[in-house]
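I have placed the structure first, in the form of structure tokens, so that the comments after it can refer back to it.
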Amino acid sequence: MAYAAFRSIGAYVPQKVLTNNDLAEMVDTSDEWIYKRTGIKERRIAAKEEKTSDMGTKAAELAIERSGVPREDIDLVVCGTISPDYFNMPATATIISNNLGLNSPMAFDMSAACTGFIYSLSIAKAFVESGMKKNVLVVGAEKLSAITDFTDRGTCILFGDGAGAAVISATENKEEAIIDIHTAADGAYADLLMTPNGGSGSQHDALESEAAGCYMQMKGNETFKIAVRTLTKDVKEILAHNNIESDSIKHFVPHQANLRIIKAVGDALKMKKEQVVLTVEKYGNTSGASIPMAINDIYEKGELKAGELMLLDAFGGGLTWGSALVPFSPLKK
Ligand code: UT7
């Protein structure tokens with residue numbers, strides 16, 4: 001049987017920095033409020049002409065180069081995103097694939113909001129383990145600034161832009177394999193986080209109100225409470241199910257939504273400070289891109305070594321959530 005190995009990571013962040021003080025000039029908020037309630041100091045904003053696929057392509061270039069897998073051998077591209085280049089078609093994954101000059105692999109987008117990377121990882125694992133695909137490029141890329149209402153202080157303080165990517169390859173060595181991935185959803189809470197218009201559920205009013213409805217809306221406090229409760233339960237379950245103690249986790253890489261959510265879940269697992277990977281302060285919440293961007297952060301600091309075990313968790317619109325136990329298994333040592 002083939003197993004799925006997490007071979008490499010790459011990421012890209014746009015140059016423009018939007019600080020809390022910049023936001024305080026746009027809406028009624030302050031650096032102090034944002035930092036205290038979210039742990040965020042600044043976030044990156046893509047250039048006007050920079051698309052989600054452009055950022056995803058840059059992250060993927062790095063991931064492929066670092067993987068040692070020839071690009072013509074990539075046979076599946078999955079892009080987790082809620083800010084695709086185009087709402088309905090073509091999928092951002094097909095554009096990324098073309099930008100990279102790949103050999104016409106299967107390519108599609110994954111709509112699971114902030115859980116997009118973990119969902120995509122589970123697709124990669126399933127395709128590789130079934131023998132249908134051998135080398136999967138998993139991308140998480142978001143231009144959330146394109147769907148953010150910069151007059152709504154309840155959402156615009158949280159989100160930022162960026163991309164991350166990973167290459168998942170078949171291996172016969174079980175030691176290298178992704179151990180387990182949990183994924184779940186509950187559409188009963190769909191209205192907590194949504195872009196109400198632009199789809200078949202739209203009210204199809206005047207074009208102007210239609211466009212405004214394409215921005216994200218969030219019931220932040222309710223989402224926060226469900227996130228803490230659900231994630232704590234989910235990560236405890238995935239550890240127990242696999243007989244793994246939290247002190248065996250070298251890197252806990254949570255979705256970077258809000259420092260208070262990360263702390264609550266980390267504390268429930270008795271994670272030590274040095275186990276928890278944090279990028280929320282400098283990048284904010286980049287939805288489907290946040291986990292691969294955070295993994296890349298420790299990789300580029302030289303803190304992620306071959307064989308080290310990562311615990312990933314995410315929670316987002318849908319509602320969706322998930323967790324994954326992933327050893328880092330590069331081909332190139
Ligand atoms: O990533 C996917 C899933 N998303 C999440 O997990 C996000 C979860 N939610 C959150 O991170 C938090 O709910 C927020 C950061 C969005 C909001 O923090 P909160 O502690 O839940 O605040 P709140 O919504 O309960 O609001 C508390 C007060 C309110 O004022 P009153 O009614 O008490 O007078 C808000 O109007 O804070 C006010 N407020 C603000 N004040 C200054 C809300 N946003 C702001 C703001 N600046 N940006």
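The values are calculated or read from the model by the stated rules, or taken from the named source; none is laboratory data. Source: prediction; values computed, not measured. Here the Cβ is made from the backbone with ideal geometry for all residues, glycine too, and neighbour counts use every protein chain on show. Note: accessible area is taken over every heavy atom of the protein model, side chains too, but ligands, DNA and RNA are not part of it. Shrake-Rupley method; radii C 1.70, N 1.55, O 1.52, S 1.80 Å.
Between a residue in the range 98-114 that is farther than 20 Å from residue 313 by Cα and at pLDDT 95 or above and any residue that is within 15 Å of the ligand (Cβ to nearest atom) and open to solvent by 20 Å² or more (accessible area, probe 1.4 Å), which pairs come within a Cβ distance under 9 Å, given they are 6 or more apart or on different chains?
Taking only residues 6 or more apart or on different chains, not a single pair turns up.
Which condition breaks for residue 191 when tested against (1) outside any helix (DSSP H, G or I); (2) within 16 Å of the ligand (Cβ to nearest atom); (3) surrounded by fewer than 24 Cβ atoms within 10 Å (Cβ to Cβ); (4) not hydroxyl-bearing (Ser, Thr, Tyr)?
For residue 191, the failing item is (1).
Right, residue 57: buried (at least 16 other Cβ atoms within 10 Å of the Cβ), among the β-branched types (Val, Ile, Thr) and assigned to a helix (DSSP H, G or I) or not?
Details: buried (at least 16 other Cβ atoms within 10 Å of the Cβ): yes; among the β-branched types (Val, Ile, Thr): yes; assigned to a helix (DSSP H, G or I): yes.
Yes: the conditions hold for residue 57.
Considering each of 22, 73 in turn, give the residue that is open to solvent by 50 Å² or more (accessible area, probe 1.4 Å), more than 16 Å from the ligand (Cβ to nearest atom) and either touching a residue at least 12 places away in the same chain (Cβ under 8 Å) or of a type outside the set (Ser, Thr, Tyr) (or both).
Sole residue among the options that is open to solvent by 50 Å² or more (accessible area, probe 1.4 Å), more than 16 Å from the ligand (Cβ to nearest atom) and either touching a residue at least 12 places away in the same chain (Cβ under 8 Å) or of a type outside the set (Ser, Thr, Tyr) (or both): 73.
Can you name the residue in the range 261-306 that is touching a Lys or Arg at 6+ places or on another chain (Cβ under 8 Å) and of a type in the set (Gly, Ala, Ser) and is also farthest from residue 234 (Cα to Cα) among such residues?
Of everything passing the filter in the range 261-306, 306 is farthest from residue 234 (Cα to Cα).
So residue 165 fits all but one of (1) among the small types (Gly, Ala, Ser); (2) more than 15 Å from the ligand (Cβ to nearest atom); (3) in contact with a Phe, Trp or Tyr (Cβ under 8 Å, 6 or more places away or on another chain); what number is the exception?
(3)
Give the residues of the range 271-285 that are open to solvent by 20 Å² or more (accessible area, probe 1.4 Å), within 14 Å of the chain's Cα centre (by Cα) and either under 19 Å from residue 309 (Cβ atoms) or of a type in the set (A, V, I, L, M, F, W, C) (or both), sorted by residue number.
Residue satisfying the conditions is 278 alone.
Answer yes or no as to whether residue 265 is open to solvent by less than 70 Å² (accessible area, probe 1.4 Å), within 16 Å of the ligand (Cβ to nearest atom), of a type outside the set (S, T, N, Q) and free of Cβ contacts under 8 Å to residues at least 60 places away in the same chain.
Yes: the conditions hold for residue 265.
Looking only at the range 126-134, decide whether some residue is touching a residue at least 12 places away in the same chain (Cβ under 8 Å) and within 15 Å of the ligand (Cβ to nearest atom).
No, there is no match, as no residue in the range 126-134 is touching a residue at least 12 places away in the same chain (Cβ under 8 Å) and within 15 Å of the ligand (Cβ to nearest atom).
Among the listed residues 29, 81, which satisfies the condition of being open to solvent by 20 Å² or more (accessible area, probe 1.4 Å), of a type in the set (Val, Ile, Thr) and in contact (Cβ under 8 Å) with a residue 60 or more places away in the chain?
Working: 81 fails: open to solvent by 20 Å² or more (accessible area, probe 1.4 Å).
Just a single option satisfies the conditions, and that option is 29.
Going through 108, 117, 127, 87 one at a time, which residue ends up being buried (at least 24 other Cβ atoms within 10 Å of the Cβ) and out of contact with any Asp or Glu (no Cβ under 8 Å at 6 or more places or on another chain)?
On the way: 108 fails: buried (at least 24 other Cβ atoms within 10 Å of the Cβ); 127 fails: buried (at least 24 other Cβ atoms within 10 Å of the Cβ); 87 fails: buried (at least 24 other Cβ atoms within 10 Å of the Cβ).
Criteria check complete, one pass: 117.
Return the only residue of 314, 324 being within 12 Å of the chain's Cα centre (by Cα) and within 24 Å of residue 66 (Cβ to Cβ). Don't jump to the end; show me each part of the working.
Values: 324 fails: within 12 Å of the chain's Cα centre (by Cα).
Only one candidate qualifies: 314.
Given the conditions (1) within 13 Å of the ligand (Cβ to nearest atom); (2) more than 12 Å from the chain's Cα centre (by Cα), and given that residue 113 satisfies all but one, which numbered condition is not satisfied?
The one condition residue 113 does not meet is (2).
Residue by residue, here is whether (1) over 30 Å from residue 134 (Cα atoms); (2) in a loop (DSSP other than H, G, I, E, B); (3) within 16 Å of the ligand (Cβ to nearest atom) holds:
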| site | (1), (2), (3) |
| --- | --- |
| 1 | no, yes, no |
| 14 | yes, yes, no |
| 18 | yes, no, yes |
| 26 | yes, yes, yes |
| 32 | yes, no, yes |
| 35 | yes, no, yes |
| 40 | yes, yes, yes |
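I'd like the residue in the range 224-258 that is outside any helix (DSSP H, G or I) and of a type in the set (A, V, I, L, M) and, out of all such residues, is farthest from the ligand (Cβ to nearest atom).
244
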